[in-house]
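The values are calculated or read from the model by the stated rules, or taken from the named source; none is laboratory data. Keep in mind that what you see is a predicted model, and the values were worked out from it rather than measured. All Cβ positions, glycine included, derive from the backbone under ideal geometry; neighbour counts span all protein chains shown. These accessible areas exclude ligands, DNA and RNA; they are computed on the full protein's heavy atoms, side chains included. Shrake-Rupley method; radii C 1.70, N 1.55, O 1.52, S 1.80 Å.
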Amino acid sequence: MRYEELYRRSIEQPEAFWAEQAKAIDWHVPPQRILDDSNPPFRRWFAGGETNLCHNAIDRHLAERGDQLALVAVSTETDVTREITYRELHREVNVFAAVLASLGVGRGDRVVVYMPNVAEAAFAMLACARIGAIHSVVFGGFAPHNLALRIDDAQPKLLVCADAGMRGGKVIPYKPLVDAACAEATTPPPKVLVVSRGLDPDAVRVPGRDVDYAELRARHEGADVPVEWLESNEPSYLLYTSGTTGKPKGVQRDVGGYAVAMALSMWAIYDVRAGQTMFTTSDVGWAVGHSYNVYGPLIAGATVLLYEGLPTNPDAGIWWRLCEKYRVRTMFSSPTAIRVLKKQDAAWLRRYDLSALKWLFLAGEPLDEPTAHWISEGIGKTVIDNYWQTETGWPVLTLMPGVELKPVRLGSPGLPSPGYRLRVIDEVTGRDAAPNEKGVLVIVPPLPPGCMTTVWRDDARFRSSYFSHFKELLYSSLDWAVRDEDGYTFILGRTDDVINVAGHRLGTREIEESVSTHAGVAEAAVVGVQDEIKGQVPVVFATLKASGVDEPARREAAAEMQQRVVDQLGGVARPARVYIVNALPKTRSGKLLRRSLQALAERRDPGDLSTLDDPNALEECRRALERGSDF
Ligand code: ATP
Ligand code: MG
């Protein structure tokens with residue numbers, strides 16, 4: 001089938017299309033209605049159908065692939081590799097489910113999971129799914145305050161954590177963070193289940209609250225826990241957005257729609273089928289980790305690699321070595337990770353047998369052309385930019401090599417996924433933007449299966465955050481985009497990242513792209529800073545590939561960057577100032593925290609820094625601002 005045909009059918013005959021896709025998963029009770037759209041912007045896919053994510057991810061594969069690897073959990077931090085077959089996964093998840101039940105967790109109860117990328121994180125998620133509990137995985141790198149906020153929002157009956165994580169060889173005890181979060185929270189969980197990795201011997205310490213997983217596991221060895229059949233629209237999990245632009249939103253996902261979207265995306269987009277291997281380098285705490293470290297590949301009957309560690313440890317060849325060893329077909333990572341590798345010797349990219357590898361997908365933030373070039377040439381594979389959001393749970397824009405590989409257009413994540421009716425809207429007139437004209441990317445409801453169903457316990461916020469931006473009822477992505485004549489869509493940045501320079505509206509992304517074409521630049525962040533005359537002016541913060549560059553060289557590079565922007569985008573986009581720094585402030589998910597940079601540059605309070613990865617990076621930018629511009 002051709003891409004156009006598949007896509008057109010999904011838009012013109014959505015019910016027939018999705019009824020067809022729904023056959024890819026097991027239903028205990030088949031859907032009574034494919035789409036109940038009677039209460040927009042809410043919609044119910046596969047209404048009346050009953051199914052279960054854990055059953056679809058594990059049980060249904062046992063007969064045919066019990067001895068096939070389901071999950072390979074590699075930690076280069078603890079130097080442990082665990083190869084887990086579907087049968088073993090079934091056993092582990094049943095035991096975990098029995099442990100959850102023994103702690104009073106049942107259907108509809110929330111379970112907060114605060115774990116590093118270890119197999120038990122996946123066991124915990126799947127065990128929740130098995131018994132109909134709602135998991136809320138919180139990225140293990142978040143500080144107690146972030147965790148406390150999410151605990152209070154989800155009001156969990158149980159929190160599952162590891163004793164510790166590790167980063168770059170350093171043990172990071174999780175339990176003190178959990179204890180601090182529980183102390184701060186208004187509704188702390190009555191029980192905390194500690195999965196010990198032997199990194200913190202005193203992790204189980206609050207009597208009556210803390211329980212040791214190993215102890216309970218031994219007690220429930222061999223348990224068989226029946227699957228809880230859920231109505232398709234019951235919540236499966238909660239997941240908070242990254243908080244790049246403000247207070248994170250508790251994205252609620254359903255069961256049936258999500259399972260069907262996962263099944264479709266695995267073959268059509270990622271080109272991975274049962275028995276093949278996918279390597280997703282994300283953390284289980286992010287949307288990509290949920291969909292493509294756990295549910296997607298397992299629902300497809302594939303093998304998935306879960307990785308704990310840095311991409312450069314023990315050396316920059318580790319990921320490619322794993323691709324060789326496990327004959328990885330599709331790899332899924334992020335531009336941030338590739339930029340880390342880019343600082344290493346490119347020879348690492350050619351040292352291993354990558355003959356099984358077909359595609360590298362990258363998602364989460366803009367993929368700049370130099371990075372895309374560097375990696376696709378380095379490994380000699382097609383690199384596919386993927387645009388999506390925590391809210392959508394799977395790609396909105398992508399190419400679909402499992403259906404038909406359309407040509408890659410650098411800088412564009414490609415074409416709409418099935419079921420996504422996209423428009424680019426002029427935010428002032430509310431009319432459709434012409435080809436190559438900038439507007440806001442919106443999804444025409446109903447949102448396809450797999451997307452969020454609401455904000456947890458806050459339907460009003462679901463409406464106001466996403467559906468209140470235009471006269472028509474449209475889901476706003478809050479991202480700027482342009483679409484070319486062929487439908488390729490380019491993302492220009494977030495709607496709150498637009499600068500208004502003397503009446504001209506400029507996307508910071510365009511200026512960043514332009515600065516990044518300078519061969520010496522590793523990464524750039526552009527923010528709009530208040531200016532008495534022009535309203536706002538673009539200000540650049542950039543890191544260089546080379547380290548220890550002296551002042552004259554810095555000045556020269558800065559001047560060249562400025563000139564590039566003028567040449568490529570015109571004088572109106574000319575950066576007023578360029579600051580060269582050693583690191584840029586990012587969220588824990590690797591996204592540039594422009595709002596804080598902007599605040600600093602305007603001498604305001606940088607705001608909520610709880611999602612910030614490395615406080616030093618922001619400090620350094622502050623010092624650079626004090627030192628004065630490099631141009
Ligand atoms: P919050 O919504 O809380 O501010 P966030 O938007 O960073 O946080 P995510 O859902 O993790 O949370 O990120 C989705 C956003 O990431 C998209 O809306 C877009 O701005 C950006 N993004 C993701 N993939 C791409 C891509 N391929 N190209 C450009 N931007 C991307
Ligand atoms: Mg967002």
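Summary of computed values
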{"read-out": "Net dipole in debye of the stretch 528-631 [+1 Lys, Arg Cβ; -1 Asp, Glu Cβ; about Cα centre; nearest 20]", "value": "240 debye"}
{"read-out": "Residue 604/residue 82 FRET efficiency (R0 51 Å; Cβ-Cβ; nearest 0.05)", "value": "0.60"}
{"read-out": "Debye intensity ratio I(q)/I(0), log10, the stretch 36-87, q values 0.15, 0.28 Å⁻¹ (C-alpha model)", "value": "-0.64, -1.01"}
{"read-out": "Mean Cβ neighbour count within 10 Å, used as a protection proxy, ranking 392-401, 527-536 highest first", "value": "392-401, 527-536"}
{"read-out": "In Hz, Karplus ³J(HN,Hα) per residue of the stretch 460-465 (6.51, -1.76, 1.60; θ = phi - 60°; x = Gly, Pro)", "value": "5, 5, 4, 5, 6, 6"}
{"read-out": "Rg to Rh, two decimals, where the stretch 67-117 supplies the alpha carbon set and Rh follows Kirkwood", "value": "1.06"}
{"read-out": "Helix 175-184 vs. the chain, principal-axis angle (Cα, 0 to 90°, nearest 10)", "value": "80 degrees"}
{"read-out": "Carbon/sulfur fraction of accessible area - the stretch 397-469, other protein chains in place, 1.4 Å, %", "value": "49 percent"}
{"read-out": "DSSP bridge pairs, the chain: antiparallel proportion in percent, nearest 5", "value": "55 percent"}
{"read-out": "Accessible area expressed per residue, the chain, with surrounding protein chains retained (probe 1.4 Å, Å²)", "value": "37 Å²"}
{"read-out": "Percent carbon-and-sulfur accessible area, the stretch 82-211, ignoring ligands, DNA and RNA, probe 1.4 Å", "value": "55 percent"}
{"read-out": "Between 0 and 90°, nearest 10: helix 551-569 axis offset from the chain longest Cα axis", "value": "90 degrees"}
{"read-out": "Whole-Å semi-axes of the stretch 1-87's equivalent ellipsoid (Cα gyration tensor)", "value": "34, 17, 15"}
{"read-out": "Förster radius 25 Å - calculated FRET efficiency between residue 533 and residue 559 (Cβ-Cβ, nearest 0.05)", "value": "0.70"}
{"read-out": "Sequence ranges 361-369, 64-72, ranked by mean other-Cβ count within 10 angstrom, highest first", "value": "361-369, 64-72"}
{"read-out": "Added length on full extension, which subtracts the Cα-Cα distance from 0.36 nm per residue, residue 107 to residue 410", "value": "104.5 nm"}
{"read-out": "Mean Cβ count within 10 Å, highest first, over the residues of peptides 405-411, 117-123", "value": "117-123, 405-411"}
{"read-out": "Dipole magnitude of the chain about its Cα centre (Cβ charges: Lys, Arg +1; Asp, Glu -1), debye to nearest 20", "value": "20 debye"}
